[in-house]
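The values are calculated or read from the model by the stated rules, or taken from the named source; none is laboratory data. Values in this document were obtained by computation on a predicted structure and should not be read as measured data. Neighbour counts run over all protein chains shown; Cβ positions are idealised from the backbone, glycine included. These accessible areas exclude ligands, DNA and RNA; they are computed on the full protein's heavy atoms, side chains included. Shrake-Rupley method; radii C 1.70, N 1.55, O 1.52, S 1.80 Å.
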Amino acid sequence: MAYKTEALFRDEAYLKTADATVVAVNDRGGIILDRTIFYATSGGQPGDTGHLERADGSRVAIAATISGETKDEIIHVPAPDHAVPEVGEKVSLAIDWERRHLLMRMHAACHLLTVVCPFPITGASVSEDDSRVDFDIPDASFGKEEVTASLMDLVRADHPIFTRLISDEELAANPGLVKSKNVRPPVGTGRIRLVCIGENASVDSQPCGGTHVKSTGEIGEIHIGKIEKKGRENRRFRIRFGPMPEA
Ligand SMILES: [Zn+2]
């Protein structure tokens, strides 16, 4: 049976702590809660780490967060050799906020890259210090200096980043919203979450279930570390924090 975990991070990405109740512990020790602030690995963004605090003050370190049988079932994977709480137990949750905030900045930076490079996305992976987005780009004329300059123009403009729900019909009427070449957003639930950038989404909007910072300014300084050729028409862009190193 699949459980349905209330995903608090979906509406409020800035929650660092919350309380929840254990609803199940699976046969591999994975902990399922009624609600959570832990993002589960998906869409190129790694799941959260952190801890659960039990009523007696002891802590269960969470080494990873993944989806279960369905996307709605979120499993908190404890670090090896940690005692696991009982079903029905109330726990206090805390995510590793420093890491999550880096991931939120990086994830938002990946969205900006898809604005600067408006080509079909063939893959993406977000991490704390180096993220990548792969594009299907026929010509190789992009230079990391120009792309970095365009990204930083968007960062400095400090555009708002917000989410909006649309219907399956609205998505079908606006196929241009989907930038992934091979991955289609899940339809059939009646609601698709769009991540929008700029007043009235003037800069960008695309379906995404991840967590992002609330403005482009909060991303801070970033640069393109590398543009690699991956196959005939595939280009892999690597985003890193900080100024571009001197050549
Ligand atoms: Zn996103």
From the list D168, D153, D158, which one is away from the ligand (no atom under 16 Å from the Cβ) and more than 27 Å from H101 (Cβ to Cβ)? D168
Counted residues, the range 175-204 - those being among the polar types (S, T, N, Q) and open to solvent by 100 Å² or more (accessible area, probe 1.4 Å): 3
Residue hits (the range 126-158; at negative phi, open to solvent by 40 Å² or more (accessible area, probe 1.4 Å) and acidic (D, E)) are E128, D129, D139, E145, E146, D153
Can you find a residue that is within 30 Å of G242 (Cα to Cα), within 16 Å of the ligand (Cβ to nearest atom) and assigned to a loop (DSSP other than H, G, I, E, B) anywhere in the range 66-78? no
Take V91 and tell me if it is open to solvent by less than 60 Å² (accessible area, probe 1.4 Å), at pLDDT below 95 and over 22 Å from the mean Cα position of the chain (by Cα). no
So if I check each of T148, T114, T163, which one is hydroxyl-bearing (S, T, Y), under 25 Å from G225 (Cα atoms) and within 16 Å of the ligand (Cβ to nearest atom)? T114
Every residue in the range 12-60 that is within 16 Å of the ligand (Cβ to nearest atom) and free of Cβ contacts under 8 Å to residues at least 60 places away in the same chain, please. E12, A40, T41, G47, D48
Looking across the range 5-30 at residues that are out of contact with any Lys or Arg (no Cβ under 8 Å at 6 or more places or on another chain) and modelled with pLDDT under 95, the single one that is least open to solvent (accessible area, probe 1.4 Å) is G29
Select from the range 35-81 the residues that are farther than 30 Å from R184 by Cβ and of a type in the set (D, E) and write down the one among them that is most open to solvent (accessible area, probe 1.4 Å). D81
Cβ pairs under 9 Å, 6+ apart or interchain, first in the range 220-231 and closer than 13 Å to S131 by Cα, second open to solvent by 90 Å² or more (accessible area, probe 1.4 Å) and assigned to a loop (DSSP other than H, G, I, E, B), ordered by first then second residue, are H223/P245; G225/P245
